[in-house]
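So the structure is just underneath, and the comments pick up after that.
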Amino acid sequence: MSVHPVLVIFGLSFPPIFVELILSLIVFWLVKKVLTPTGIYDLVWHPALVNTALYCCVFYLVSSLIV
């Protein structure tokens, strides 16, 4: 048995990483809301690529803090 049990919601089983993914998505949305009005996306070449990299960094931080 793993350290983190499987999450069951309405009969659907979710792996333990699901909570980390949802939590990092919420943090990502908050960071993106703060960065968008600053005009930082006008300085980057590919905003979608920056968003993906930002989400990966946030997910790494959240997963390292939880474990």
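The values are calculated or read from the model by the stated rules, or taken from the named source; none is laboratory data. This one's a predicted model, so the numbers in the text were calculated from it and none came from an experiment. Positions of Cβ are backbone-derived with ideal geometry, glycine not excepted, and every protein chain shown enters the neighbour counts.
Name the single residue, out of those in the stretch 1-15 being assigned to a strand (DSSP E or B) and either without any contact (Cβ under 8 Å) to a residue 12 or more places away in the chain or under 17 Å from Val58 (Cα atoms) (or both), that is nearest to the chain's Cα centre (by Cα).
In this case the residue turns out to be Phe14.
Of everything in the stretch 39-57, what is over 19 Å from Ile26 (Cα atoms) and of a type in the set (A, V, I, L, M)? Give them in sequence order. Lay out the reasoning, then the answer.
As a first pass, look at the stretch 39-57 and keep what is over 19 Å from Ile26 (Cα atoms): 39-46.
Within the stretch 39-57, Ile40, Leu43, Val44 meet the criteria.
Modelled with pLDDT of 95 or more, out of contact with any strand residue (DSSP E or B) (no Cβ under 8 Å at 6 or more places or on another chain) and part of a helix (DSSP H, G or I): is that true of Tyr41 in this structure?
Taking the combined requirement at face value, the residue does not satisfy it.
Tell me, yes or no, whether the stretch 16-38 has at least one residue that is of a type in the set (D, E, K, R), touching a residue at least 24 places away in the same chain (Cβ under 8 Å) and surrounded by 10 or more Cβ atoms within 10 Å (Cβ to Cβ).
Restricting attention to the stretch 16-38, the residues satisfying the condition of being of a type in the set (D, E, K, R) are 20, 32-33.
Filter again for touching a residue at least 24 places away in the same chain (Cβ under 8 Å), leaving 20.
Remaining after also requiring surrounded by 10 or more Cβ atoms within 10 Å (Cβ to Cβ): 20.
Scanning the stretch 16-38 turns up at least one residue that is of a type in the set (D, E, K, R), touching a residue at least 24 places away in the same chain (Cβ under 8 Å) and surrounded by 10 or more Cβ atoms within 10 Å (Cβ to Cβ).
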